[in-house]
Structure formats: C-alpha cells, structure tokens
Amino acid sequence: MRNVRHSGIAGLVMLALVFSGSAGAVVGVGTVVSGHAGSDDELRASADGAVKVSSAHGDTDTDAATDAPRPQTSSAPTLKPHPTPKPKPKPKPKPKPKPKPTVAAVAPASDTHSVVDASWPDDDGSGCPAPRWPTTLSSGAPGNGRRVLVIGDSRTRDSRLSMIDGMVGSGWTPTVRCWGWKEVTWGTEQVRRAKARGELPKIVVVALGINDIGRQDASMIRRHMVGLLEAIGPGHQVLWLEEYSTRSPKTFSNSHVNYPPRVSAFNANLRDLRSSYPNLSVIAWVSVVKANNLGLLDGIHYGKRGYRYRAQAIVNGLNSIVG
C-alpha cells in the first residue's frame, strides 16, 4: 500500500478498526491506510468512535466508515398523554308521578269551613255538590253575613259558581241545593230536609218551574207552588225567579210542548201568589233576557253569558229586595 498525501486537508477516511502496533489501520471495508509518526496527517480516534484528521489547516470530523450507512440518531416521538375522559353525569331519576286524589262519592260530614249534608246522593252527572252550611259568615253590605238558601235545577247548577261568588262579594252566606230535571215538589222536599238539619235560613231563593211546565198543567203547578211556600213558612223571605223559554215544536222539532204560553201562565200565577204570601218577591228574569238578547241553546238552557246574567240577576234581587 502507498501513502496518500495531500497538500491540504487529508481525505476523510472512516476508521472501522484500529489495531495497536500494526503497520496500518483498516478504514471502511478492505481499505488500509499506513501511518507514520511525524507525517503531515495524523489520525486520531476520537472518544466517541469518530476519526479526527489533524492537519495544518485544522481538525475535521468524519464518520467512522465512509462506506457504512450513517447511523440514524432519532429520538423517540413525544407521545401526547391521552386526555382523561370526563365521567358521564348520572341521569337524574325521573320523579314518580303523584297519585291522583281520590274523590269520595259522598262528601265528608264536615270540613274546616262548612258542615256538609252527608246524606246527599251520589252525583250521576245531573246534580250539584253536596250542600254546605258555612261555619264562617261572609262580611260586607248589603248581606252583612246573612244566610241564603238557593233551591234550583240544572240551570242553577250551571250558574252556581258565579252566583256564589256574587253573593259572597255582596256579603251573603249561601247554601245551594240543586239537581237537574227537578220539579217544584223536589224543592219542597229540600226545604223539609233543611229544616230537619236546622239549616233553613230566613231567606230562600227558588229557581224551579221549567220542568213542571213541560209535564203538568197550570192548575197542578200552582198547587205545587203553594205547597212549597207553605213548607217555607211565613217567617222567611222568599225570592222566586221568573221562568223563560222559547222552546216549541216550531223552534225545536223534538219538542212536543209549546213552552212560551205555559211559561206566561206560570209567571202570572207566581205574581198572583204575592197577594196571599206577602213574604214572596218575584225576580223579573224575563226582562233581563230580552234587554240583553240572551240566547238559549235549546230553548231552555243558556250559554256562559246567559248564566252569568242569571247569577247576577239573583244577586241583584237579593241586594234590592231584602233590606
């Protein structure tokens, strides 16, 4: 082998193996470079395995072997920590449905504000709630807490709440006994029932008659009216609401009764009875219907507007007739 000399920096030769005391060094694969002490180039093995070539121009680093692949110095990729999954919120428990209150078929014998007639029959859809005798009296004029008993049929039932509100607002303390399809004789039974319970007040409002008109003649109806007035007695003030109807075979094909003339006969009897019963007053309902053009659904029953007027007519009758 012969020495290779350069005028400048010696060629970079990677030394793979260096044998101590031998005449040469192996560089790469099958390449030997002879080295002599004091030569221009001095090969030194660096501590990290690279070869440093010293020359007059300085030191230059080279890899250990020129024909060996350069080792890849790659650092391990930085792994991002997986985000800690947030715990799923626990579903809120669904509230249990509240049980529907059970309504007793018969009202209790008493409550905190009134005494209830527990013998009142179960409602078949035609009746009012059981009559209540309030233990606390209303206040204010002109009623000043005085008690009133109202006896009526389905039209009283359907206007009952408005009527009670109006009475209480005027200082009256009402009790209502009503049921659909009832006649004047049923009213007589209710008066006797109220008397037996000690619940017949000094003022009684009667709103019955239309069911009698459709089933009985005028003379029989008059006898029943007298029977009711007698049951109430002279020591009580009676207010009786006039009747009104437009029902007839002409206006309603399923009607076999011509109501208007019978209604007129009923109202005439009612006014005539005042001469025999000075405690009787008549509430002029016919004029209210005509003045306010109140329509009837079937010639007998009213809509919401008509029932509001009916309730107010009774309250006005109480306020104006009873001092």
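The values are calculated or read from the model by the stated rules, or taken from the named source; none is laboratory data. Owing to the predicted nature of the structure, the values given are computational and were not obtained by experimental measurement. Neighbour counts are summed over all protein chains in view; Cβ atoms, including those assigned to glycine, are modelled from backbone coordinates with ideal geometry. Protein only, heavy atoms only, side chains kept; ligands, DNA and RNA dropped before computing areas. Shrake-Rupley method; radii C 1.70, N 1.55, O 1.52, S 1.80 Å.
For residue 281, which sequence-distant residues (separation of 5 or more, or a different chain) have an amide H within less than 5 Å of its own amide H, given hydrogens modelled in the peptide plane?
Amide H to amide H, under 5 Å and 5 or more residues apart or across chains, residue 281 pairs with 238, 239, 240.
Pop out the carbon and sulfur fraction of the accessible area of the stretch 160-264 as a percent, whole number, probe 1.4 Å.
Heavy-atom surface of the stretch 160-264 belonging to carbon and sulfur, 1.4 Å probe: 52 percent.
In the stretch 185-323, what % of DSSP beta bridges are antiparallel (nearest 5)?
Counting only bridges with both partners in the stretch 185-323, antiparallel ones make up about 10 percent.
Please report the projected area of the stretch 238-323's Cα convex hull averaged over all directions, in nm².
That works out to 6.1 nm², a quarter of the Cα hull's surface.
Lys and Arg at +1, Asp and Glu at -1: add these up for the other residues within a Cβ distance under 13 Å of residue 190 and post the number.
+1
What residues have an amide H closer than 5 Å to that of residue 114, excluding those fewer than 5 places away on the same chain, when H is modeled at 1.01 Å from N in the peptide plane?
For residue 114, whose amide H was placed from the backbone, the distant partners under 5 Å are 135.
So, counting K/R as plus one and D/E as minus one, what does the shell of residues with Cβ under 12 Å around residue 167 add up to?
Net local charge, residue 167 excluded: +2.
What net charge is computed for the residues neighbouring residue 321, neighbours being all others with C-beta under 15 Å from the C-beta of residue 321, Lys and Arg scored +1, Asp and Glu -1?
Cβ neighbours under 15 Å give a net charge of +3.
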